[in-house]
1. Taking springs between alpha-carbon atoms closer than 10 angstrom, which of B:LEU223, B:LEU277, B:LEU183 fluctuates most in the Gaussian network model of chain B?
2. Would you mind giving the average projected area, over all directions, of the Cα convex hull of the range B:2-242 in nm² with one decimal?
3. Taking θ as phi - 60°, what are the ³J(HN,Hα) couplings along the range A:117-130 by the Karplus curve (6.51, -1.76, 1.60), each to the nearest whole Hz, with x for Gly and Pro?
4. Excluding B:ALA153 itself, what net charge comes from residues whose Cβ is under 11 Å from its Cβ, given Lys and Arg +1 and Asp and Glu -1?
5. At 25 °C and 0.890 mPa s, grab the translational diffusion coefficient of the range B:34-115 from Stokes-Einstein with a Kirkwood Rh over Cα pairs, rounded to a whole number in µm² per second.
6. Expressed as an acute angle from 0 to 90° and rounded to the nearest 10, what is the orientation of the C-alpha long axis of helix C:22-38 relative to the principal long axis of chain C?
7. Whole-Hz ³J(HN,Hα) for each residue in the range C:137-150, computed from phi via Karplus 6.51 cos²θ - 1.76 cosθ + 1.60 with θ = phi - 60°, x for glycine and proline: what do you get?
8. Just to verify a number: FRET efficiency for A:ASP215 and B:SER103, C-beta to C-beta distance, R0 = 41 Å, to 0.05?
Amino acid sequence: MGIIRASRLIYDYIRRDEDDHVEEVSRAIDGLDLDIKAGDFVAILGHNGSGKSTFAKQINGILLPTEGTVWISGMKTTDESHIWDIRKTAGMVFQNPDNQIIGNIVEEDVGFGPENLGVPTDEIWQRVDESLEAVGMTAYRMKSPNKLSGGQKQRVAIAGVMAMRPQCIILDEPTAMLDPNGRREVIRTVHELNQKEGITVLLITHYMEEVIEADRVIVMDDGRLVMDGTPREIFSRVKELKSYRLDVPQVTELAYELKQAGVDLPEGILTIEELTEHLLPIFRKANAL
Amino acid sequence: MSIRAEHINYLYGEGTAFEQYALKDVSFEIEDGQFIGLIGHTGSGKSTLIQHLNGLLRASSGKIYYNGEDIDQEGYDKKALRSHVGLVFQYPEHQLFEVDVFSDVCFGPKNQGLSNEVTEQRAREALIQVGLDERLWTQSPFELSGGQKRRVAIAGVLAMQPEVLILDEPTAGLDPRGRDEILDEISALHEEKGMTIILVSHSMEDIARYADRILVMSHGEKLFDAPPKEVFRHYQELERIGLAAPQITYVVRSLKEKGIALEDDITTVEEAKTAILRLLRKADGRA
Amino acid sequence: MIREITLGQYYPVDSVLHRMDPRTKLFGTMVFIVSLFLANSLAAYGVATVFLVLVIRLSKVPFSFMIRGLRAILFLLLISVSFNLFLTPGTEVFRIGFLRMTWEGLRLAGFMALRLIYLVIGSSVMTLTTTPNELTDGLEKSMGFLNRVGVPVHEVSMMMSIALRFIPILVEETDKIMKAQMARGADFESGNLIQKAKSMVPLLVPLFISAFRRATDLAMAMEARCYHGGEGRTKMKPLCYHRRDTMGYLVYAGYLLAIVLLRHFS
């Protein structure tokens with residue numbers, strides 16, 4: 001069993017009127033089965049409203065299942081006695097960089113988690129130092145969060161989670177409000193944590209270029225898991241992706257279009273180098289060079 | 001009919017120790033009916049610039065002319081200017097406030113002093129233009145999805161029937177399909193109504209697809225002002241200021257380096273596909 | 001830029017006073033305020049002046065920053081001085097029409113002015129040398145005893161520190177909302193009072209909604225980082241007294257003693 005596991009998970013948002021009568025029920029997650037291996041970098045794709053953010057909130061018990069079960073490192077999220085262990089194990093980074101930073105100074109914000117866990121002062125400092133170093137924000141430790149760029153704020157938020165020494169990090173659209181540079185900054189940081197510290201990463205996004213280097217890509221639609229595979233497998237199914245309101249990077253799209261037009265290319269080309277490498281022999285054969 | 005900016009400077013914190021140029025000697029002219037892409041990294045001055053064009057900010061020095069008239073002259077009607085030059089800010093959450101979608105869209109025309117009848121007529125037209133399902137018109141704007149909110153915000157400005165529409169990152173945070181839908185609607189306004197569009201975006205792919213001219217801002221200065229193909233040829237300079245060309249430009253460059261004779265100015269997937277197929281077919285024909 | 005707004009008026013230099021425990025400074029400010037009300041002679045004010053000048057020198061904050069706060073109370077100062085000058089009965093100095101200025105009034109007005117000015121400068125010394133965060137921490141720790149009577153001291157100080165973080169963000173957001181509505185022809189300036197109040201609706205509704213959203217987001221983020229109130233919580237920067245604080249308390253004691261003695265023997 002992996003570090004994160006969901007079994008026949010169902011979640012309903014229930015809207016009630018003033019008298020507590022159920023007014024509307026909308027199913028955000030509809031029978032999700034998922035098992036995530038420790039140490040993996042997993043990307044969850046899906047359009048807005050596909051249920052991917054709702055799922056993220058299930059993982060550390062911010063939302064609890066309507067039906068079914070979620071386990072984190074073998075702990076059930078519905079087991080109240082483990083709630084803090086679960087949140088410590090599965091740290092979470094949210095979309096809006098401003099609304100998750102609590103401290104007025106970068107280093108104090110990073111220390112917030114350990115403070116809550118009752119970690120002794122000396123060790124808090126040690127953890128803060130290490131976490132800031134890991135996300136490359138040591139130089140900004142005395143700054144006010146209000147003076148940082150969006151990408152830097154998200155790195156502070158990641159450091160804040162790292163200071164709790166989690167086994168996995170869930171990032172719920174961490175780049176949706178950032179510019180391209182901030183986006184790259186955050187994704188690079190997360191990959192480093194995954195590779196150097198062996199942290200399991202669950203990245204929720206709808207930017208396709210962010211998932212190319214993931215170990216595994218999961219596509220959600222209507223609260224269900226609809227695609228699951230390596231980036232190459234997923235990106236070879238361009239038409240299917242588009243039917244889920246998603247897209248592919250331009251290079252993948254070009255390769256797909258050329259293949260459709262009869263050019264003999266393999267499926268699921270992800271990088272410029274790959275496309276060049278495969279196109280060259282074709283041009284040579286056709287004497288088009 | 002045009003917007004003309006002449007040597008615009010804008011200083012933050014004038015006269016203090018924190019004095020800083022947000023815009024530095026920026027000049028350009030935007031003719032009627034153009035589709036302009038405005039790009040630049042965060043803090044390059046592009047947001048400051050667009051707020052000058054409808055008179056929300058006043059230049060420290062330099063002049064802006066709308067249809068030949070200096071907008072900073074004594075007695076110029078800035079409120080009227082704002083209905084000619086419509087500006088949609090990035091976050092719809094910053095402008096939605098009414099109890100239902102329809103009333104919210106009525107806010108602009110009502111401020112113009114139009115009669116109820118005309119106001120409602122315009123709100124209806126605007127909502128149809130942005131393709132918002134009529135069933136949603138009576139709903140609270142706060143209960144809509146991100147893409148729907150964005151549409152209502154755009155309709156709120158369209159209802160004033162501007163001649164120029166400026167949009168600050170209208171696709172931020174939307175999923176790929178939502179992005180395409182919004183951009184297609186904006187493009188339709190340009191094609192069908194002949195509206196002048198200024199689109200601020202971080203996505204070079206989007207800009208390459210829609211704009212017929214690109215303004216590049218960097219550190220408060222105008223760096224490039226040319227058609228997309230020409231601007232993206234300077235991809236190295238764009239990279240130096242924290243931007244890039246569309247990915248397809250790099251694909252084409254990589255193929256060219258290996259000796260495939262593609263044109264230099266390919267900026268969209270469609271163009272690349274056509275060019276590659278043409279080369280292959282030509283070779284086939286020879287053989 | 002609006003982003004530059006800082007709350008409080010912290011002046012960042014390194015001095016003994018800056019390094020002092022916020023509790024020591026809070027207590028010192030209280031001692032000083034009490035002393036101003038005990039002082040009733042020229043000699044006592046002399047001692048207070050020496051104390052204040054010494055503290056200002058120790059703080060390394062330029063004097064001009066110290067007196068900035070006075071601008072806010074200038075009007076209050078003028079009114080109370082003139083009331084005291086002309087409405088105190090006693091030996092007449094001169095009179096203009098029905099206004100009589102007395103020697104007693106002069107003395108009272110002088111002390112009153114000094115008291116107000118010293119009060120403002122005295123508290124400025126604290127806010128200039130203490131960051132809002134330290135101040136919150138200091139308040140939390142020194143008001144800890146209120147916990148026993150059911151005052152949620154930790155929660156209140158957490159709220160204060162969150163407010164400190166979000167006020168600049170909301171100020172900036174207000175500016176953005178105003179511009180977005182002005183772009184739709186909103187007018188926040190002209191019109192009578194009722195029209196003006198009405199024109200605030202398009203500004204306030206988005207602002208409140210955004211503030212609520214931020215609050216919900218933040219609560220969720222805090223919970224995700226295992227926040228569960230003050231219980232069992234440790235501190236990254238716990239307050240602890242150093243030698244300079246002991247020195248501080250000794251100086252306060254000596255100062256207060258001098259003021260009390262002067263009051264008794266004059």
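The values are calculated or read from the model by the stated rules, or taken from the named source; none is laboratory data. Keep in mind that what you see is a predicted model, and the values were worked out from it rather than measured. Cβ atoms come from the backbone with ideal geometry, glycine included; neighbour counts cover every protein chain shown. Ligands, DNA and RNA are excluded from the accessible area calculation, which covers all protein heavy atoms including side chains. Shrake-Rupley method; radii C 1.70, N 1.55, O 1.52, S 1.80 Å.
1. B:LEU277
2. Values: hull surface 55.1 nm².
Spelled out: convex hull of the Cα atoms, projected over all directions, averaged, 13.8 nm².
3. Per-residue couplings from phi come out as 7, x, 6, x, 3, 4, 6, 4, 4, 4, 5, 5, 4, 5 Hz.
4. Values: positive: B:LYS149, B:ARG150, B:ARG151, C:ARG184; negative: B:GLU93, B:ASP104, B:ASP168.
Once all neighbours under 11 Å are counted, the net charge is +1.
5. 165 µm²/s
6. 40 degrees
7. 4, x, 5, 4, 5, 7, 9, x, 4, 5, 3, 5, 9, x
8. Here the calculated transfer efficiency is 0.25.
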